[in-house]
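Let me begin by presenting the structure, written as structure tokens, before commenting on it.
The values are calculated or read from the model by the stated rules, or taken from the named source; none is laboratory data. Just so we're clear, the structure is a prediction, and the values are computed from it rather than from any experiment. Note: ideal-geometry Cβ built from the backbone for every residue, glycine included; neighbour counts use all protein chains shown. These area figures cover heavy atoms from the full protein model, side chains too; ligands, DNA and RNA do not enter into them. Shrake-Rupley method; radii C 1.70, N 1.55, O 1.52, S 1.80 Å.
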Amino acid sequence: MTDCDVLICGLGPVGQLLALLLGDLGVSVIAVDQADGPCGHPRASTMDDEVLRIFQAAGVHEQILENAQVQRSVSYITARSQSIEVLRPEAGDLGHPPLVTFHQPAMERAMVSALEERGAAELRWGCRVETIDNSADAVTAWLRPVAGGRAQAVTARFMVGCDGSHSAVRSRLRIPFGGSTFAQRWLVVDALVDRPLARVPHPHFVGDPARPVVTLPMSPGRHRWEWMIHPGEDQTPFLQPARIRELMAPWISGEEVEVERAVVYTFHARTAARWRVGRVFLAGDAAHVMPPFVGQGFSSGARDASNLAWKFDAVLRGAPARLLDSYESERRPHVMSMQRLAVRWGRVVQTSNPRVGAIRDGMIEALNRSGALAWGRERVKPLPAYRTGVFGSTPRRVPFGRTVGTLFPQPDRLDERLGRGWSVLSGSPDASSVWRDAGLHVVERYSDSWLRAQRADWALLRPDRFVYACGGEDQVATALHALRTTVGSALQATRPRTPTEVAA
């Protein structure tokens, strides 16, 4: 006898999002955290359109965007104070702004409020994990109140550690957490502002070898600065109010600025040796951490939650248990590519050698003059595509031209029509009929540009909107056979659910 289907240890943003996604699918969830409530400090600061699409699936994207700021440009400032636009995140095909900055406490309050209003999960604050019994049929965690008292056992079909980089779950499972720690420390200052800073209308990376800086508008009424502290420098003076005001002064032109929080961070690039032990999984910072230079820390954790949620639901409804093996094989390569991108861009920003800085700036200026930088402004992020995993056929080895394994675009908020389960986008009446006879939810778009570009009559989409299979009318039977092999009886047990149904 189990207490719930999934026990989530860690109620940070990744744990909250996973609880929302699972609860909306009808999966019973208990979520615990040693804190007494949502995070009150600004930590994560950026997300992309993939994550906003996941929030849309959870029915909370509008609440998230209310306390966020869309960024339409990112600039790099050379040591000679030349401003070069390195990113222009304006166009996207996922239905949401490609780059958004946010205030983490406001985002967490929105998710926790949704969890409480829907009764999507049982939330237990003020509990820490002491021991884990990971058996063949269930997992039992012994939880002890932080305030003191007797430990209580909670038994679940599955357990997910979303409890951050210092994960107690990962520690109890004795999973190595390998990687590297950046030698440089950074002073991070979050401030309240009475209006947007005129000198920083969008995020700036400043490549000044004397003191590299990152400065970006956050959610409305907030701004963040990050200054690198050189090796050997005492960090204590940097935390003094007078020193912080001195560092902020060049960026302020009459605005009122009140420091909300100042802290020194040492950044990491680490990945757990494995993300699953039996019935226990790791997600978010418990599985991987990365430097913040490309703003993909929380976004990577949100993708973990989206990948895990539908697979838990399918297995609990009768799909083969091996489906869950694909979680790490799909997510790890993408996380590693994001880590490499963050480390590379971090090296660009953190250069403190004037000669190396001059060479770096010269290269960026040359790329800008040649037009190469303009071409890459909207192509810097690795493609949302899987090379291996749960698909009807093996994705192409080269991302260019890949169909199966890619994230399907979302024109006109298409996901609202696709619902929450497996679905088919069809450009052919005959294909629509065959898929409907098989019990699949079909959305007909006879003029869909993606289908035309791929010369396909239909596309079969996973619940996380990655393309499982696509092809002509004569290929429906093959794809349907693969789908039944993948999810078994869970296909008949699942019906599409729209955000409207979830909210109701």
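Observations on the model:
- Against the criterion of being touching a residue at least 24 places away in the same chain (Cβ under 8 Å), basic (K, R) and within 22 Å of A342 (Cα to Cα), R303 qualifies.
- Of all residues making up segment 391-409, the number that are among the aromatic types (F, W, Y), farther than 17 Å from S423 by Cα and touching a Lys or Arg at 6+ places or on another chain (Cβ under 7 Å): 0
- Of the residues making up segment 333-343, at least one is part of a helix (DSSP H, G or I), surrounded by fewer than 21 Cβ atoms within 10 Å (Cβ to Cβ) and free of Cβ contacts under 8 Å to residues at least 12 places away in the same chain.
- Comparison of R195, R185, R144, R157 shows that the only residue that is touching a residue at least 24 places away in the same chain (Cβ under 8 Å), over 30 Å from I252 (Cα atoms) and charged (D, E, K, R) is R157.
- Hits in segment 1-32 (condition: among the hydroxyl-bearing types (S, T, Y) and either modelled with pLDDT under 95 or surrounded by 22 or more Cβ atoms within 10 Å (Cβ to Cβ) (or both)): T2
- Residue selected from segment 276-292 under the condition open to solvent by less than 10 Å² (accessible area, probe 1.4 Å) and either assigned to a helix (DSSP H, G or I) or among the basic types (K, R) (or both), by the criterion nearest to G59 (Cα to Cα): G284
- Selection count, segment 411-470, where residues are within 23 Å of V487 (Cα to Cα) and of a type in the set (S, T, N, Q): 4
- Criterion (farther than 29 Å from W186 by Cβ and not hydrophobic (A, V, I, L, M, F, W, C)) met by exactly one of S299, S337, S329: S329
- Filtered residues of segment 111-125 (kept if assigned to a loop (DSSP other than H, G, I, E, B) and surrounded by 15 or more Cβ atoms within 10 Å (Cβ to Cβ)): A120, A121
- Listed by first and then second residue, the pairs linking a residue in segment 416-445 that is in contact (Cβ under 8 Å) with a residue 60 or more places away in the chain and within 17 Å of C470 (Cβ to Cβ) to a residue that is open to solvent by 20 Å² or more (accessible area, probe 1.4 Å) and part of a strand (DSSP E or B), with Cβ atoms under 8 Å apart and 6 or more places separating them unless they lie on different chains, are L418/H441; W422/H441; S423/H441.
- Leading residue by the ranking (nearest to S326 (Cα to Cα)) among those in segment 393-415 that are free of Cβ contacts under 8 Å to residues at least 40 places away in the same chain and of a type in the set (V, I, T): T394
- Leading residue by the ranking (least open to solvent (accessible area, probe 1.4 Å)) among those in segment 312-326 that are within 10 Å of V27 (Cβ to Cβ) and of a type outside the set (A, V, I, L, M, F, W, C): D313
- Hits in segment 235-256 - residues which are within 17 Å of D194 (Cα to Cα) and surrounded by 15 or more Cβ atoms within 10 Å (Cβ to Cβ): M248, W251, I252, E255
- In summary, helices (runs of 4 or more DSSP H) completely within segment 408-464 and bearing 1 or more residues that are over 18 Å from D474 (Cβ atoms) and open to solvent by less than 10 Å² (accessible area, probe 1.4 Å) occur at 415-418.
- From the list R303, R331, the one residue that fits, being within 16 Å of the chain's Cα centre (by Cα) and within 21 Å of G26 (Cα to Cα), is R303.
- Boolean, T131 is under 25 Å from the mean Cα position of the chain (by Cα), more than 23 Å from L25 (Cβ to Cβ) and among the polar types (S, T, N, Q): no
- Segment 1-69 holds strands (runs of 3 or more DSSP E) entirely within its bounds, and those carrying 3 or more residues that are under 19 Å from the mean Cα position of the chain (by Cα) map to 46-48.
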